[in-house]
1. When a/c is below 1.5 the answer is rounded, else prolate if a/b is larger than b/c, else oblate, so apply that to the stretch 10-63 with a ≥ b ≥ c taken from the square roots of the Cα gyration tensor eigenvalues.
2. Which residues in the stretch 44-63 have a backbone N closer than 17 Å to a point placed 7 Å from the Cα of Lys9 along the Cα-to-Cβ line?
Amino acid sequence: MAKKKDEPKFEELVASVEAALQQLDSGDLPLEDALKRYEEGVAALRQAFGILKQAEKKVQLLSEREGEITTRDFEIEEEEPEGKKLF
């Protein structure tokens, strides 16, 4: 599914949610403005989750092997603390 040019990018949606949270946390908005900003933040959050779901489906399709979807945990290699080498 091609993305329309007028659809916001994931990063823009996350930035919008973060901005809404900061404004709401400040407590400086009148009630009506706070409710409107909350609604905008929730809408942006839902769009962002939709983008994540689409990305997950795409990764699953790309990971498909012999008709089965293979999944595994993403592992981050941890650096060994200095002075504590196992070998």
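1. On the way: a/c = 5.34, a/b = 3.29, b/c = 1.62.
Since a/c reaches 1.5 and a/b is larger than b/c, the shape of the stretch 10-63 is classed as prolate.
2. Zone members listed by number: 48-49, 51-52, 55.
The numbers here are math on the coordinates, done by the rules we state, and not lab data. Since this is a predicted model, take the numbers as computed values, not measurements. Please note: Cβ atoms are built from the backbone with ideal geometry, for glycine as well, and neighbour counts cover all protein chains shown.
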